[in-house]
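Data first, discussion second: the structure below is written as structure tokens.
Bear in mind that the values in this text are calculations on the coordinates, not laboratory data. Just so it is clear, the model here is predicted, and its values are computed rather than measured. Cβ placement follows ideal geometry from the backbone for every residue including glycine, while neighbour counts extend to all protein chains displayed.
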Amino acid sequence: MDQPAGSPQDAQSLPVCYRHPDRETGIRCTRCERPICPECMVSASVGFQCPDCVRGGSGTGHAPDTARPRTIAGGAIAADPRLLTKILIGINLAVFIAVQTSTALLNDLVLIGAWPPAPFNPTEGVAEGQWYRLVTSMFTHEAIWHFAFNMLSLWWLGGPLEAALGRARYIALYFCSGLAGSAFTYLLASPTTASLGASGAIFGLFGATAILMRRLQYDMRPIIALLVINLIFTFGWSNIAWQAHIGGLVAGVIIGYAMVHAPRERRSLVQYGTCALVLAAVVLMTMLRTLQLT
């Protein structure tokens, strides 16, 4: 039996994107009113349009050949929306394989504040000027389970985010979140404790995904439940650098909010300006901790 519009059954089911039938969405093209998912959204002067309307020049004010599809965050729509995610996974895999063959390489890549411990003078670590460890530790894993968990999370979260934000904004989110996690670990953890893994960047993707889902009016319960489970593991499991998780999460939420809520007329300024502020906080935390240790 047909259900009248607005009935409880109708309210509980979302329409699916006309270009991706497997994706539910609450957003419609402002021109043709067909449902569209984040990957198909093209920013317009009012709301979002579908790629078909953009290519046809329908209501855009520009000739069809000059219309350029944009994501919800203002990025260009790419032919392969997961390209950078695949590259990041490839880099992590290459470093993981290299680390398995050389313990000495692992010692050169992990995040460590100062080594050896007092009363000896430190000969290596971030405190000795090896700031590159804030970055290299983001791609370093020692245990196979740690690597597998982070890469699965990167694939599940990174692909949709890359499609929704665009490549430049996505990679800025990833590195800023990872660096924030590294700097927060350096600031609060023991300077002689080695830390490694992509978890800070992954938690940044968690935070940005939650912000994006709220912006698109999706059901927030799945991502909140998944985040809570991960936070329980973070604080309930020993030998986990909770500082990296929290630092990355906070950075991801801040940057994610700027990415999807920036005003259209100052979009790039707000988005990349927020990334610059997060990086400034990373530099400040690193300098303060270095002064404390030296």
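Here are the numbers for this structure:
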quantity	calculated
Residues with amide H under 5 Å from that of TRP115, placed H, sequence gap 5 or more	THR123, GLU124
Among (1) 61, 53, 33; (2) 76, 44, 33; (3) 74, 66, 46, the entry derived from the coordinates for Cα extents along the principal axes in Å	(2)
Acute angle (nearest 10 degrees) that the helix 242-261 long axis makes with the longest principal axis of the chain, alpha-carbon atoms	30
Helical contribution to [θ] at 222 nm, DSSP H n ≥ 4, -39,500 (n - 2.57), averaged over the chain, rounded to 500	-18000 deg cm²/dmol
For the stretch 32-41, 3J(HN,Hα) per residue [Karplus equation, 6.51 cos²θ - 1.76 cosθ + 1.60, θ = phi - 60°, Hz, x = Gly/Pro]	9, 6, 7, x, 9, 8, x, 5, 9, 5
Sorted by Cβ neighbour density within 10 Å, fewest at the top, the residues VAL283, VAL250	VAL283, VAL250
From phi via Karplus (6.51, -1.76, 1.60), per-residue ³J(HN,Hα) for the stretch 175-181 in Hz, x at Gly/Pro	6, 5, 5, x, 5, 5, x
Length-normalised contact order of the chain in % [C-alpha pairs under 8 Å, at least 6 apart]	16
Paramagnetic reach from ARG19 (point 7 Å along Cα→Cβ, amide N under 13 Å) across the stretch 80-95	80-81
Karplus 3J(HN,Hα) series, Hz, for the stretch 230-236 with 6.51 cos²θ - 1.76 cosθ + 1.60 (x for Gly, Pro)	5, 5, 5, 5, 4, 9, x
Under 5 Å, built H, 5+ apart or other chain: amide partners of PHE48	THR30
Simple Cβ-charge dipole of the chain, Lys/Arg +1 and Asp/Glu -1, about Cα centre, in debye nearest 20	640
Residues whose placed amide H lies under 5 Å from that of THR71, excluding near-sequence neighbours	SER43, ALA76, ILE77
